[in-house]
Amino acid sequence: MLVLFSIFYLNLDVLVLEKNIQYFVVEEGENPSTDYFVLPYLHKNKIQFERVSFGQIPPKEKLKGATILFVRYVPPAWKAVIEKYRSSISAIYLFMDDDLLSWRSFGDMPLRYQAKLLRYSWLNQRWLRSIGAKLLVSTPWLQQKYTEWEPILLKAQPINFEVDEPQTVFYHGSASHYKDLCWLYPIIEESLQRNQNMIFEVIGDKRVNKLFRSLSRVQVLYPMRWPAYRSLIRRPGRHIGLAPLLDTPFNRARSHTKFFDITQAGAVGIYTEGSVYATVVRHEENGLLLPMEPEVWVEAILRLAEDQSLRQRMLEEARQCL
């Protein structure tokens with residue numbers, strides 16, 4: 001059923017060019033909808049903006065005269081803030097690149113996805129109308145269907161990827177390595193924050209996916225059988241391998257085979273000092289042997305990521321041990 005919105009239409013091209021208006025792009029996380037549609041439009045109009053997640057609420061001072069642009073979803077926390085400070089907020093937009101306001105369009109989707117769309121999109125229609133929200137859409141079909149909104153069509157634009165090759169840091173452990181992964185989490189978090197060209201790859205189950213879900217640029221691979229893993233590490237594109245070992249009864253029985261995995265993946269390894277890895281790793285020659293101190297690991301990861309010649313030299317040495 002077509003939802004009709006009787007709102008005053010204000011041309012977005014005029015609005016976004018006004019000075020001293022703070023833009024907040026509210027999104028669940030980094031996503032293709034923002035990257036392909038919203039950001040190109042804002043960049044085109046030379047608008048300064050801030051990308052914020054559902055739980056990142058700016059102080060009321062920053063909301064004065066601000067424009068709020070919701071990408072697909074309206075989270076409850078932001079809804080409450082807008083209700084409180086609506087009179088001081090300049091404009092509110094909802095961008096959608098699916099028919100999120102029609103039950104028929106997603107009624108046959110998985111129940112969990114239906115529930116999400118109902119809560120964050122469909123059930124907010126009346127509220128959006130009451131606050132004078134405006135609509136941005138991705139296709140002429142949506143523009144035609146919701147014509148009473150006088151929606152603005154945003155055209156998809158290709159993403160301008162960085163020219164530099166992303167630096168892939170990886171940890172390939174099994175379920176028995178979960179404590180080591182928990183130890184690694186803050187190290188990965190800080191490394192990703194300090195190097196925007198870095199990606200972290202990890203193998204793990206639902207627990208691991210949940211652990212790293214809040215971090216950007218983390219790829220969680222589902223556990224696989226040994227033949228599939230051997231094929232995986234032969235593919236190029238990995239640069240730094242991590243092999244932490246907490247001092248636990250289980251870890252004391254480990255062998256140094258991860259040195260082989262990391263080297264065969266074409267990467268340089270960071271290994272735990274005083275562990276089994278000392279039998280094959282020569283510090284600063286074919287890898288790094290470090291104490292289990294998070295800040296030391298962060299600096300080592302960043303150092304290797306930034307020094308290609310150092311990585312190449314140590315990788316060549318490590319390959320002599322295969």
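Using modelled backbone amide H atoms (1.01 Å from N, in-plane), which distant-in-sequence or interchain residues come within less than 5 Å of residue 51's amide H?
25
Taking 8 Å as the Cα distance limit and 6 or more residues as the minimum spacing, I'd like the relative contact order of the range 198-322 as a percentage. Write down the numbers at each step before the final one.
Values: 155 pairs, mean separation 25.9, N = 125.
The value is 21 percent.
How many angstrom lie between the Cα centre of the range 278-314 and the Cα centre of the range 23-58?
36 Å
Suppose every K and R has +1 on its Cβ and every D and E has -1 on its Cβ; what is the size of the dipole of the chain about the Cα centre, in Debye to the nearest 20?
1060 debye
Return the lysines within reach of residue 145: Cα separation strictly under 16 angstrom, same-chain partners fewer than 8 residues apart disregarded; answer none if there are no such residues.
134
Net charge near residue 211: determine it from the other residues with C-beta under 13 Å of the C-beta of residue 211, scoring Lys and Arg +1 and Asp and Glu -1.
Every neighbour counted, the sum reads +2.
Could you work out the helix-only [θ] at 222 nm for the chain, with each DSSP H run of four or more residues adding -39,500 (n - 2.57) and the total divided by the number of residues, to the nearest 500 deg cm²/dmol?
-10000 deg cm²/dmol, from helical runs alone.
Which cross-chain or sequence-distant (5 or more) residues have an amide H under 5 Å from the amide H of residue 168, H modelled 1.01 Å from N in plane?
Long-range HN contacts for residue 168: 199, 239, 240.
Just want to confirm a number: the relative contact order over the range 138-207, from Cα pairs under 8 angstrom separated by 6+ residues, in percent.
35 percent
Based on the mean of other Cβ atoms within 10 Å per residue, sort peptides 63-70, 193-200 so the most packed one is first.
Ranked by mean Cβ neighbours within 10 Å, highest first: 63-70, 193-200.
Hey, what did the chain get for relative contact order, percent, Cα under 8 Å, at least 6 apart?
This gives 13 percent for the chain.
Could you give each residue of the range 215-220 its phi-based ³J(HN,Hα) in whole Hz, using Karplus coefficients 6.51, -1.76, 1.60 with θ = phi - 60°, and x for Gly or Pro?
Rounded to whole hertz, the list is 9, 7, 6, 10, 10, 9.
In the structure displayed, which of 62/206; 79/206; 44/210; 46/155; 46/116 lie more than 28 Å apart, Cα to Cα?
62/206; 79/206; 44/210; 46/116
Using θ = phi - 60° and the Karplus relation 6.51 cos²θ - 1.76 cosθ + 1.60, list the HN-Hα couplings for the range 80-90 in order, rounded to whole Hz, with x at every Gly or Pro.
Along the range 80-90, the couplings run 5, 5, 5, 4, 6, 10, 4, 5, 9, 8, 5 Hz.
Can you give me the long-range amide H partners of residue 93? Hydrogens built in the peptide plane at 1.01 Å from N, cutoff under 5 Å, separation of 5 or more residues or another chain.
68, 69, 70, 134
Taking the Cβ of residue 295 as the center, what net charge do the other residues with Cβ under 15 Å away carry, scoring Lys and Arg +1 and Asp and Glu -1?
Result for the local shell: -3.
Karplus couplings for the range 286-302 from phi (6.51 cos²θ - 1.76 cosθ + 1.60, θ = phi - 60°), rounded to Hz, Gly and Pro as x?
10, x, 10, 10, 10, x, 7, 10, x, 5, 5, 5, 4, 5, 5, 4, 5
Less than 10 Å Cβ to Cβ from residue 94, Lys/Arg counted +1 and Asp/Glu -1: what total charge do the surrounding residues give?
Cβ neighbours under 10 Å give a net charge of +2.
Bear in mind these aren't lab numbers, they're just calculated from the coordinates by the rules spelled out. Quantities reported herein were computed from a predicted structural model and do not represent experimental measurements. Please note: Cβ atoms are built from the backbone with ideal geometry, for glycine as well, and neighbour counts cover all protein chains shown.
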